Amino acid sequence: MAQQTLDEKLIWKELEKIADPEIPVLTLVEMKVIRSVRVQDNQVTVVISPTYVGCPAMDAMKDEIRSRLRDLGCEQINLETTFAPPWSTEMLDETTREKLRSFGIAPPAKHKGDLAATLAAPVPCPFCHSEKTHMESSFGPTLCRQIYYCDTCRQSFDRFKPL
Amino acid sequence: MSAEIPSNLPAEAIRKLLLAFADDELMLGHRDSEWTGHAPILEEDIAFSNIAQDELGHSLVWYTLLEQLTGRSPDSMAFERTWNEFTCCHFVAYPRGDFAYTVVRQYLHDAAEQVRLSSLGQSSYSELKDVAAKLLPEESYHLMHSQGLVERLGDATEESHSRMQAAVDAAFPQALGLFENLDGEENLVSANVFPGNEHLRTKWLEKVVPVLDAASLQAPVEAKNGRIEISCEPDYGGRHRSHTAHLKELVQDLQKVYRMAPSAKW
Ligand SMILES: [Zn+2]
């Protein structure tokens, strides 16, 4: 039993090193894509929840998880997908939001389930913090982003879509 | 995720329901993707490319759930069936038309998705409920976008109005095909898996008719005894695999690359 706890810790430690392929300053653990880990006998199960189900980076993420765990000596690796509860930007903590901002992406507003309301609220510029910004496009370069423009520092920036 | 259907639920009808959802999303996603590089402005190019990617993702989720029930892979479902094995409605397979038609089709579809996915939040089949809860917020971005375009283009200029009205005339009877009855649907309703297409259609009419109205667009409906009644012939057939030549052409296009080298690994 003690051995199992140790293994789980080691696995988490390894998983915490995997960067999000689209936002390299964040890890899949910080992004809450990796939800839980179970170790039973020789089998490791990693439960993941996709951000957007059409996200083309999901396969790359799964490959990376498998190869890291294989390097760690895990032989039977099982990846499970869960939608219960569905992935949501409400799960991202303050540190993660700050890392997004420092990367130049405006973090998603908290929405408590009302997505439309967040579209009306001001989105501070991640560069100069001005609230004089406007949406250029409600869709962006990846499924999880929208394009905004800052009228103060005159730069366009991405905003992580509240979901 | 273990998807096994509890023995008290109608398994065959559930598979048909999932297949209809999956096939609809696949075809609309493909049609939306045809705007990549061709939309009238860059923002719409980005928007329809994103929406296409989402819809294809949604078809993948439904096919994956089906795979857990039948063992047949999503790739096999999308790329190895012949065109007359699909159960999508005609609506999603028609050519993309002009941008007005694209906008109106997308809006009528997105509103139907909103109604359908919200109602599945009560489903007695828990996998269906979980997938619906995942897709609903993604779809709501599509609806906000397409509804915004309908509201702006419906009465912006004489030309935009006449094009949008022509699009509604064409797309509305087609969109009713989303609600064509499925075989075994009564079993889905009595088992509380799915509230039934007639119920969803009523909710959908209550949602879209006022929006079209506010945009000065006339839908082929009449108000009767406080209910909205349809005054056009719905474009049915797809759920029973009776398709138009447009689907044949779409499926050929969709499967062209795959069929060149079916065993290739991407
Ligand atoms: Zn700024």
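The values are calculated or read from the model by the stated rules, or taken from the named source; none is laboratory data. What you see is a predicted model; the values in this text were computed from it and never measured. Here the Cβ positions follow ideal geometry from the backbone for every residue, glycine too, while neighbour counts run over all protein chains shown. The protein model used for the area step is the full one, side chains on, heavy atoms only, and it has no ligands, DNA or RNA in it. Shrake-Rupley method; radii C 1.70, N 1.55, O 1.52, S 1.80 Å.
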Matching residues in segment A:86-114 (within 16 Å of the ligand (Cβ to nearest atom) and free of Cβ contacts under 8 Å to residues at least 60 places away in the same chain) number 4
Yes or no: A:Asp93 within 30 Å of A:Val39 (Cα to Cα), assigned by TED's automatic domain parsing to the domain that holds A:Arg145, of a type outside the set (Gly, Ala, Ser) and loosely packed, with under 13 Cβ neighbours inside 10 Å? yes
Of the residues in segment A:130-162 that are out of contact with any Ser or Thr (no Cβ under 9 Å at 6 or more places or on another chain) and either within 8 Å of the ligand (Cβ to nearest atom) or among the hydrophobic types (A, V, I, L, M, F, W, C) (or both), the one that is farthest from A:Asp93 (Cα to Cα) is A:Arg154
Scanning segment A:40-82 residue by residue, those among the acidic types (Asp, Glu) and away from chain B (no Cβ under 14 Å) turn out to be A:Asp41, A:Glu64, A:Asp71, A:Glu75
Screening B:Thr82, B:Thr64 for residues that are open to solvent by 10 Å² or more (accessible area, probe 1.4 Å), touching a helix residue (DSSP H, G or I) at 6+ places or on another chain (Cβ under 9 Å) and within 14 Å of chain A (Cβ to nearest Cβ) leaves only B:Thr64
Scanning segment A:115-129 for residues that are away from the ligand (no atom under 13 Å from the Cβ) and under 20 Å from the mean Cα position of the chain (by Cα) gives A:Leu115, A:Thr118
When restricted to A:Pro85, A:Pro108, the only residue within 12 Å of chain B (Cβ to nearest Cβ) and either loosely packed, with under 15 Cβ neighbours inside 10 Å or over 28 Å from B:His58 (Cβ atoms) (or both) is A:Pro85
Exception for A:Asp59 within (1) charged (D, E, K, R); (2) touching a strand residue (DSSP E or B) at 6+ places or on another chain (Cβ under 7 Å); (3) in the same structural domain as A:Val47 (by TED's automatic domain parsing) falls at (2)
